[in-house]
Amino acid sequence: MSEARSSTSAPTVLRMILGRRLQEKRLGAGASLEDAAKALRVTTLTIRRLEKAEVALKPLYAEKLLETFGSDRQEIDEFVDLAEQANKPGWWHSYRDAVPNWFTAYVSLEAGARTLRTYEPQYVTGLLQTPDYAHAVLRGGLPNGSEEEIARRVELRLRRQSLLDRENAPTLWVVMEEAVLHRVVGGPHVMREQLERLLDVSELAHVSLDIVPFTTGAHVGACAPFTYFRFEEPELPDIVYSELLCASVYLDQRADVVSHLEAHSRMALLTSSADSKALLNRMRKEYS
């Protein structure tokens with residue numbers, strides 16, 4: 001059994017990997033869902049949820065199932081060790097007072113991805129926001145939130161950004177609409193600082209930034225913001241996250257993922273890196 005990347009694999013991502021491996025072991029042993037459920041004295045629904053990583057995999061469950069599937073002691077011990085790691089809370093667990101539960105899954109996917117491709121029609125993507133810009137965006141979205149709550153959310157957003165600085169940083173490809181640069185968030189000074197930040201990160205080898213200009217007109221990506229995740233681990237499918245006003249959705253069906261991936265690629269072809277930097281420089285001067 002190959003080891004998961006314990007240093008960067010987030011608990012939710014690791015749980016997904018174990019669920020996939022558990023399913024593969026069951027199928028390889030010729031065992032049915034009913035056989036697995038009988039071994040644990042649970043329902044087949046519980047086994048399905050374990051394999052889909054919808055619930056935590058208890059180390060004792062993992063051990064019993066692998067024994068049932070005929071795994072050797074070394075493989076069982078390695079699997080149980082990974083199950084214990086998967087049940088440890090991520091660093092963002094300490095921010096559970098400031099963010100909804102559904103967003104912790106997003107942070108986990110973000111932390112474990114090797115490639116992120118993002119489309120943003122309204123605001124600078126969170127991984128590239130400055131502290132003042134992030135504060136203004138969050139304040140606008142939470143007009144009744146306390147200053148302490150806003151500060152906690154800003155802190156979480158800034159901590160997420162550290163993944164771009166780590167040694168094994170993921171590749172980030174951002175496509176934004178020009179409208180993002182014209183939406184004055186926090187005032188001219190905040191916008192100028194934010195544009196300077198975008199110019200700086202656009203020089204990084206693992207970050208690409210494309211801005212779709214107004215002159216493009218109607219195009220395929222005129223939709224809700226989304227983020228595409230690709231992982232190093234072969235067990236994991238590509239995943240797309242999309243956020244609406246009152247809900248969010250995680251997509252892993254191939255047709256849905258491919259549609260978003262193609263839309264992102266087509267939008268990126270509507271501009272160039274040089275044109276995007278030129279636009280950023282022009283807008284920075286306007287906020288002087």
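Within the stretch 1-32, the set of residues being surrounded by fewer than 22 Cβ atoms within 10 Å (Cβ to Cβ), of a type in the set (Val, Ile, Thr), in contact with a Gly (Cβ under 7 Å, 6 or more places away or on another chain) and at pLDDT 60 or above is empty. Note on the stretch 215-261: among residues that are touching a residue at least 40 places away in the same chain (Cβ under 8 Å), among the acidic types (Asp, Glu) and out of contact with any Asp or Glu (no Cβ under 9 Å at 6 or more places or on another chain), the one that is surrounded by the most Cβ atoms within 10 Å (Cβ to Cβ) is Glu233. Taken together, the criteria place Leu158 among residues that are closer than 28 Å to Glu233 by Cα, in contact (Cβ under 8 Å) with a residue 24 or more places away in the chain, assigned to a helix (DSSP H, G or I) and open to solvent by 20 Å² or more (accessible area, probe 1.4 Å). In the stretch 262-278, the residue that is surrounded by the most Cβ atoms within 10 Å (Cβ to Cβ) out of those that are charged (D, E, K, R) and within 9 Å of Val220 (Cβ to Cβ) is Arg266. Here Tyr123 fits the description: buried (at least 19 other Cβ atoms within 10 Å of the Cβ) and either of a type in the set (Lys, Arg) or assigned to a loop (DSSP other than H, G, I, E, B) (or both). The lone criterion from (1) assigned to a helix (DSSP H, G or I); (2) touching a residue at least 60 places away in the same chain (Cβ under 8 Å); (3) exposed (fewer than 15 other Cβ atoms within 10 Å of the Cβ) left unmet by Gly140 is number (2). Residue count for the stretch 161-193, restricted to those that are touching a His at 6+ places or on another chain (Cβ under 8 Å), open to solvent by less than 60 Å² (accessible area, probe 1.4 Å) and outside any loop (DSSP other than H, G, I, E, B): 3.
The values are calculated or read from the model by the stated rules, or taken from the named source; none is laboratory data. This one's a predicted model, so the numbers in the text were calculated from it and none came from an experiment. Cβ: placed from backbone, ideal geometry, glycine included. Neighbour counts: every protein chain shown. What goes into the accessible areas is simple: the full protein's heavy atoms, side chains included, and nothing from ligands, DNA or RNA. Shrake-Rupley method; radii C 1.70, N 1.55, O 1.52, S 1.80 Å.
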